[in-house]
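Notes to accompany the following structure.
Where a number appears in this text, it was derived from the coordinates with a stated rule and is not lab data. Model, not experiment: these values are computed from the prediction. Note that we place each Cβ from the backbone using ideal geometry, even for glycine, and neighbour counts take in every protein chain shown.
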Amino acid sequence: MQAKVYVTPKAGVLDPAGKATQKALHSLGFEEVRDVRLGRYITMEVEGDPTEVTARLDDMCRQLLANGVIEDYRFEVGETGVE
Amino acid sequence: MQAKVYVTPKAGVLDPAGKATQKALHSLGFEEVRDVRLGRYITMEVEGDPTEVTARLDDMCRQLLANGVIEDYRFEVGETGVE
Amino acid sequence: MSGGGLEVDEKAAIEHGLTAEEFADVCRAIGRKPNLAELGVISVMWSEHCSYKSSRAVLRDLPNDGPRVLQGPGENAGAVSIGDGLAAVFKIESHNHPSYIEPYQGAATGVGGIMRDVFTMGARPIANLNSLRFGSFDHERTRYLVSGVVAGVGGYGNCVGVPTVGGEIYFDRGYNENILVNAFTLGIVQADRIFRAEASGVGNPVLYVGSKTGRDGIHGASMASTEFDDETEEKRPTVQVGDPFTEKLLIEACLELMEKDAIVAIQDMGAAGLTSSSVEMADRGGVGIRIDLDKVPKREEGMTPYEILLSESQERMLIVARAGAEQQVRDIFDKWDLDAAVIGEVTDDGFLRVLSGGEEVVALPVGPLANGAPIYERPYAQPRKQAELQRLSLQDIPPPGDYNRTLTRLLATPNIASREWVFSQYDQFVGGNTVVRPGSDAAVVRVKGTNKAIALSVDCNSRYCLLDPYVGAMTAVVESARNVVCAGAEPIGVSDCLNFGNPEKPEVMWQFREAVRGIRDACEALALPVVSGNVSLYNETEGRPIPPTPTIAMVGLIEDVRLHCTQWFRNEGDLVVLLGRTREELGGSEYLAALHGIVRGTPPWIDLGVEAAVQQVCLQAIREDLVRSAHDVAEGGLAVALAECCISGPEGRLGAEIELEASIRPDAWLFGESQSRILISLQSRNLTRLREVAAAKDTPLTVLGSVRGNRLRIGRLLDVEVSELHSVWSGALASLMAEDGVEAG
Amino acid sequence: MMRCGVVTFPGSLDDADTLYSLSEVLGVEAVPLWHKDRGLHGVDSIVLPGGFSYGDYLRSGALARFSPVMDSVVEFANSGGLVMGLCNGFQILCEAGLLPGALVRNQSLLFVCRAAHLRVERNDTAFTNSCSEGERLLLPIKHGEGCFVANADTLERIEGNGQVVVRYVDENGETTQAANPNGSLNNIAGIVNEAGNVFGMMPHAEHACDRALGMDDGAKFFRSIEAQLARGNAS
Ligand SMILES: Nc1ncnc2c1ncn2[C@@H]1O[C@H](COP(=O)(O)OP(=O)(O)O)[C@@H](O)[C@H]1O
Ligand SMILES: [Mg+2]
């Protein structure tokens, strides 16, 4: 199965890279943007049945893919090849 | 409106971070994963009407958010506050 | 015996960058027409990048021998003895085209490649330098390219743990569409433990180590040998991505392996990857080599033999091991979590044979591949407008109304302003050897286990080279030598990176020949061997060649590290002295270019005898501990050099009171760039001895004034607070870069 | 004599320099520890050095914390052993949960390498007892991800407990914006855990031990550990 993991900075935690990106967008003339936040997008193929995969992914996120101190995560599991 | 941008390494382009993450997942016992690819996930609020915003986002991606030589991007635009 | 697959025709060969005549030569040399995989192999081996077919005949003129030379050109890098049984191994190399296409990765993989060239020889890299050229700031891509390249140079070197201790960066419209990224690495090795890339021992196994092979950079080597055109966009997917983490492991694993007696030969897979590394190793050893592509570790499925052979995936090495040592090699690579695979063996038939799926897909004689490319004596002719370019009448140039303002404007130009924005992105400390960091004339890194240190500088003023490539190239050599001398080092070896346009144009070939002649004459006068280098041709876009840019990397030796020297003033009350003579020379100066918009005239003249004497005086003075600072007078002339002495030090700033001594136009005295000059500060009690040292070499010495107060005063012409000089100079590059705050990806 | 372990992870870079500074410059016993080691070879203190462990891929410090040796390091720390993480070592300690907060990308988005002034906020720790309170130190920094962040509660707790040991300051000792090289909250450069035996900071003490290389204030951190051990650290 294909899994997609989204890791985002927790609300209230400073996101300097997001801030800097927003500033850069403004200076490029994209002044209509705000609240720019930079996160990670991780895709992978996982073997197993859907419920099992879901539990495993949750483990992966908690242990490694996200840093719980400053980041939130969520993920989606779907058939391989489907966008 | 809320925009979500997904930036991923182009197929075939080496993704050392994805490679290292996959290796770490394996050594943590998550041996069922492969093709781990690391991308960026950028969220922001954008002002404007949907068609305009779409065009502007495309510009932002090409100019700043993605590196067209080695990365692909796609984005979604939705109502603010909707996940 | 013929390789498998269909034969190709002349049209295919031309698409691969060969000429019709070269294709005919190929067919004659191998006695038949090649198949597609073979054509791929031949075309990269015969590309300008690998074969040096346009430059080889000219390069023969460069001196490459001397009492310290342990390895001259022809190996992965050059080596010179630094005594104590140690050798310095170093080389400079270009990565221009890839960096224009993808600045971060292009620069990063350039740094990765040059480090592999050095540790391949058994040397632990201890210092990186880089030489960069970009277009002007009014060009739309300049900021994007600068930020990407600088981040890439840093990103790779920082992550591998080799400090970047110096370099140069210039901006000129002539590089708008063709930037230059030259990277240099120096390593230290025990002189009797230098490894070479010479395969031998029939039956010895050939091992592949490092990253897996993907479809990266296929055609990179031939791309590096062609001009950019509108199709550049289509060549984009060939960009390689670097993995510095793997490189770090590779360094440690290779150096550990080299302590054992397991390796016969080793070479990194650079341009043209597996192909050039196996062909070159076999050729140097006069043997054949057989490799089985099925055994090559691959990242992607379904790769064709053609793709595997030409892939330029990074962080890979090819090793010929002693038969029986395979396990030892595997164990060490295993320890460092790296793959090692036996993919072939050394043979006795002088052929490169490549198997895939049990079939022989390439069978080519090694000799013609490595040395069969034609050597061209390309026609050359001085450009018609050269004489016109050199015409300059000073009477038409009004002297400045306000010298204070002239100086502050000069200090804020992109070519003179502080480079801190650049080098603060580089780890300058790692390795624990950096004695003088970027920001002085030369960097100084100590050699652990000895009292010695190495001083390093890279230099080239391409404006001089455009006006007169012979004098310009000489200047690059003597200026870089002067820079390391100012640090207290004796220059002992050179590596050069010759960046030019299309050599098929007689005017470019003339520039190339003149530049090589200049390097030769300067090196001979200073008794300097050129032990390694790189040629990058076809640096042009839509027919416009870059200014000729023969970058010189200079390596100097300091016998006693405590007697090193830096460029900035250190003590109130010290005397300020100029070695050398100032002439009325403004041609090619930054002053004319930046303030008057004039790029013409002849560059400052060099008398090589005078130059050598000035350098000897300075070096002896530092070795006798007579001086407190020494600074080369370069772009911006005396006034800028004085200002730099006041403001470039890490601990506070000092002013100076200088007497105007001009028997020539004051602007020429202040801003002209006469060569062979060094600014020194010293305690007054050492002046007598310094005079003796200078007199013994017939070197002019002028006491200009003293270090004093917090203003720079020069006669009645110029009087500025040093804090003001500092603020315009130190902030200029950062604010130029910040103007639109763009950083891509 | 102090017996200080220095851990080498794949991608550690300042490990050799730390070993060198400890043994050749400061004259204490330095013991290399390999990331696959399962024991600590009897060391009485540990340094996690700088570098790019595992390439700093994913997040800096994230992959190193799963190295086998980290189990022993955590155990050592939990039983009161002195552990100091410098730069990447600091990042690893945060990822491993031994220190609060996290280090993220510099606000400038640029790697920064320069000498930085620090102010010693506390000299009653195992790592700063050789400094005076309020002392200004000069140490090199070199990092791309040194911006210290924490949520508001955590920050308040750290400050309230006096866990901030060093801050970035200007030449006059002030915690100005301009003196902050990476955007760290409250100019924080280094913190200790509540128990006071685990310390992390971004500046490189190991590159500031040898006067011949320009800076030597870093030696004070190692000397402090030594003094603490001589006094009989709890471990
Ligand atoms: N690209 C670069 N990378 C690292 N250091 C650099 C770079 N460009 C310039 N520097 C450093 O900045 C200082 C000034 O450079 P430059 O003006 O070229 O010196 P000089 O005129 O003495 O050759 C030197 O110490 C040099 O090493
Ligand atoms: Mg220079």
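Given the options C:P399, C:A593, C:N96, identify the residue whose Cα lies farthest towards the positive end of the charge dipole of the protein assembly as shown (+1 on Cβ of Lys, Arg; -1 on Cβ of Asp, Glu).
Highest projection toward the positive end goes to C:P399.
What spacing in nm lies between the two simple spin-label points modelled at D:E194 and C:S200, each 7 Å away from Cα in the Cβ direction?
6.8
Could you tell me which of C:V342, C:F171, C:Y306 has its Cα farthest along the dipole of the protein assembly as shown towards the positive end, charges placed at Cβ (Lys, Arg +1; Asp, Glu -1), taken about the Cα centre?
Of the options given, the answer is C:F171.
Per Stokes-Einstein, at 10 °C and 1.306 mPa s, what whole-number D in µm² s⁻¹ belongs to the stretch C:85-180, with the Kirkwood radius over Cα pairs as the hydrodynamic radius?
Value of D from the Cα-based Kirkwood radius: 116 µm²/s.
Provide, as a two-decimal number, the C-alpha radius of gyration of the stretch A:2-78 over 2.2 N^0.38 Å, N being how many residues it has.
Ratio of Rg to 2.2 N^0.38 Å for the stretch A:2-78: 1.35.
Which FRET efficiency, nearest 0.05, do C:N710 and C:D607 yield, Cβ-Cβ r, R0 51 Å?
Values: r = 38 Å, r/R0 = 0.74.
Taking R0 as 51 Å, the efficiency between C:N710 and C:D607 is 0.85.
Please list log₁₀ I(q)/I(0) at q = 0.09, 0.11, 0.20 Å⁻¹ for the stretch C:1-151, using the Debye equation with identical point scatterers on the alpha-carbon positions.
Values, matching the q order: -0.48, -0.69, -1.14.
FRET efficiency for D:N233 and C:R391, Cβ-Cβ distance as r, R0 = 60 Å, nearest 0.05?
0.15
Excluding C:V435 itself, calculate the net charge of residues whose Cβ lies under 13 Å from the Cβ of C:V435, where each Lys or Arg counts +1 and each Asp or Glu counts -1.
Summing Lys and Arg as +1 and Asp and Glu as -1 gives +4.
What is the ratio of the Cα radius of gyration of the protein assembly as shown to 2.2 N^0.38 Å, with N the residue count, to two decimals?
After normalising by residue count via 2.2 N^0.38 Å, the value is 0.92.
Tell me which B residue has its C-beta closest to the axis rotating B onto A, and the distance in Å?
Per the Cβ-to-axis criterion, the result reads B:Y41, 2.
Determine ³J(HN,Hα), in whole Hz, for all residues of the stretch C:642-650 in sequence, where each value follows from phi through the Karplus function 6.51 cos²θ - 1.76 cosθ + 1.60 and θ = phi - 60°; x replaces Gly and Pro.
Values, residue by residue: 4, 4, 4, 4, 6, 10, 8, x, x Hz.
Could you list the residues of the stretch B:43-83 with an amide nitrogen less than 11 Å from a label point located 7 Å from the Cα of A:E76 in the Cα-to-C-beta direction?
Correct set: B:76.
Between beta-carbons, use under 12 Å as the cut-off and find the net charge around A:E31, counting Lys and Arg +1, Asp and Glu -1.
+1
Just add up the charged neighbours of C:R570: K/R +1, D/E -1, any other residue whose Cβ is under 10 Å from the Cβ of C:R570.
Within the 10 Å Cβ shell, the charges total -2.
Any chance you could check the Cα centroid distance between the stretch A:10-83 and the stretch C:545-572 for me, in angstrom?
Comparing the Cα centres of the stretch A:10-83 and the stretch C:545-572, I get a distance of 47 Å.
Taking the simple approach of a point 7 Å from Cα along Cα-to-Cβ for both C:A696 and C:A57, what is their distance in nm?
4.7
I want to check the label-to-label distance for A:D35 and C:R141. Put each point 7 Å from Cα in the C-beta direction and report it in nm to one decimal.
If labels sit at A:D35 and C:R141, their model points lie 3.8 nm apart.
Could you state, as a whole-number percent, how many of the C-alpha pairs of chain C are farther apart than 52 Å?
I get 12 percent for the Cα pairs in chain C exceeding 52 Å.
A:D58 label points, 7 Å along Cα→Cβ, one per copy: pairwise distances from this copy to the rest in nm, shortest first?
Its label point is 4.1 nm from the equivalent points in the other copies.
Quick check: convex hull of the Cα atoms in the stretch D:3-231, volume per residue, rounded to a whole Å³?
It comes to 109 Å³ per residue, whole-number rounded.
Please report the spacing between the Cα centers of the stretch C:137-168 and the stretch D:11-46 in Å, no decimals.
32
Could you pull out the GluC sites (Glu not before Pro) across the stretch C:537-612 that fall in loop regions by DSSP (anything but H, G, I, E, B) with no more than 10 other Cβ atoms inside 10 Å?
Those satisfying the criteria are C:E542.
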